[in-house]
Amino acid sequence: MSTNYRVLKLKSGDSIVAEMVENSKSHIKIMRPMDIKYMHFIDALGRKHETMILVDWLKSTTTNSVKIEKNFILQIFTPSPDVVNSYDHQKKLDDNGGKIPANNVFGLFSQKDKEGLDRMLQNIENQFKDLNIDMDDVEDMIKDQLEDEQEELIEKIIESKSAERVIIDEDHPDYGTSYIDWSPNPEDYLS
């Protein structure tokens with residue numbers, strides 16, 4: 001798929017992606033420029049992730065195009081397929097007022113997948129009804145179980161903290177192998 005999309009690195013430090021509609025000797029004209037922002041985060045398992053966010057560069061204006069002087073541009077690049085895909089998706093989102101179009105694939109599931117998941121959840125719910133099980137009771141049982149497990153975990157943590165060993169005898173073979181055997185005072189380690 002060939003497009004006129006370009007990534008512009010500007011002297012201001014901004015990196016923007018846009019559709020280039022005019023390229024003259026002194027300036028270029030771009031449509032619907034979006035600022036490329038990278039966010040770094042760490043998930044619950046401690047893994048590092050990077051995600052790209054596109055923000056409408058002309059958000060506070062009423063125009064969709066802008067001319068940029070060439071002496072303000074450091075470099076012009078062809079965007080990667082991921083950037084093109086993200087740019088197209090962001091334009092669709094912006095055109096729909098930030099709402100995800102029902103017929104498009106955004107996120108993890110397509111519309112067909114969502115319909116399948118809804119049918120599967122409905123089947124599970126019907127099976128519970130056939131067994132005369134109230135879904136509210138199931139939810140309460142799950143919450144109770146989670147609360148019990150949380151209490152047990154807290155008790156185990158408290159027990160393990162109180163069971164920390166203290167070895168006072170410096171001649172003991174395990175002395176110095178635990179952080180609590182060492183002085184918290186930094187002055188003790190200076191000669």
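In region 1-27, of all residues being modelled with pLDDT of 90 or more, outside any strand (DSSP E or B) and in contact with a helix residue (DSSP H, G or I) (Cβ under 7 Å, 6 or more places away or on another chain), the one that is surrounded by the fewest Cβ atoms within 10 Å (Cβ to Cβ) corresponds to Ser26. Selection of strands (runs of 3 or more DSSP E) fully inside region 28-126 by the criterion of at least 2 residues being modelled with pLDDT of 85 or more, under 20 Å from the mean Cα position of the chain (by Cα) and surrounded by 11 or more Cβ atoms within 10 Å (Cβ to Cβ) returns 48-56. If you go through region 7-23 and keep only what is over 15 Å from Asp56 (Cα atoms) and of a type in the set (D, E, K, R), you end up with Lys9, Lys11, Glu22.
The values are calculated or read from the model by the stated rules, or taken from the named source; none is laboratory data. Not measured: the values here are computed from a predicted model. Methodologically, a virtual Cβ is constructed for each residue, glycine included, from the backbone with ideal geometry; neighbour enumeration extends over all protein chains shown.
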